[in-house]
Amino acid sequence: MTEIIENVINSIGSFGPLLACLLIVLESIIPALPLCVFIVINFMAFGNILGLLISWFFTIIGCVIAFFIVRKCFQNWFNKKVRKNKKINKLMKKIDNFKLQQLVVILAIPFTPAFAVNIAAGLSDMSLKKYLSGLLIGKIFMVYFWGFVGLNLAECLTNPIALVKVAVLVLIAYIASTLVNKKFDLK
C-alpha cells in the first residue's frame, strides 16, 4: 500500500498533498472516498507531525462544512416532517443529549463514518460548541490512527500491540473529553 501511495505522490508531484487535503474535506460529505489513503499521503509528504496536523485540520473543516450544510438546509424540514415519528424522535433525543465524552469516543473510533456523525449532529439540537469540541478532541486520535496504520500497515497486521495502542488512544480521548466537559460545563 505504501508503495502505491509513494507512486501516487511522485506522479502527482507537489499537487498530491494539496489534492489529498481537498479530498479529506470532501470525504466528510462523500463517504465513498478513502480517508485513510489521503491521510497517509499527507503523513508521507509532510512527515508525521505536520501530516497529522494538516490532516486533522482539513478533517475538522470538512466535518464542520457538512454539519452546517445539514443544519442550515435540512434540520427544519427534518424536524417538521421526519422527527414526528416516535422511534426517530427517541433516537434524536439521545443524540441531542450526547455527553461530550460519548461524542469524542464516537469520533475517535477510526471506523466510525464521519458523514453519518455529521448528519446526525446537524439534524440534532446539539450545540455547535459541543460538536466542535468533540471534533477537535476526537478527530486527532482518528487521524493519528490512520496515519500510524497507513505507515505501518504490515506491522499492524502482525503486531497486536498496535491494537492496544488504538484502545489506549480511545481511552485518552475519553479522559480528555471528560476534562473539557468539566472545564466548559458542556452538557
L50/L132 FRET efficiency (R0 25 Å; Cβ-Cβ; nearest 0.05): 0.65
How big, on average over all directions, is the shadow cast by the Cα convex hull of the range 37-95, in nm²? 5.5 nm²
Length gain on complete extension for the stretch I161 to I30, per 0.36 nm per residue less the alpha carbon to alpha carbon distance? 43.9 nm
Using a Cα-Cα cut-off of under 22 Å, which lysines could be cross-linked to K84, ignoring same-chain neighbours fewer than 8 residues away? K72, K93, K94
Heavy atoms only, probe 1.4 angstrom, no DNA, RNA or ligands counted: give me F98, F67, F74 ranked by accessible area, highest first. F74, F98, F67
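The values are calculated or read from the model by the stated rules, or taken from the named source; none is laboratory data. Keep in mind that what you see is a predicted model, and the values were worked out from it rather than measured. Neighbour counts are summed over all protein chains in view; Cβ atoms, including those assigned to glycine, are modelled from backbone coordinates with ideal geometry. Surface areas here come from the heavy atoms of the whole protein model, side chains and all, with no ligands, DNA or RNA. Shrake-Rupley method; radii C 1.70, N 1.55, O 1.52, S 1.80 Å.
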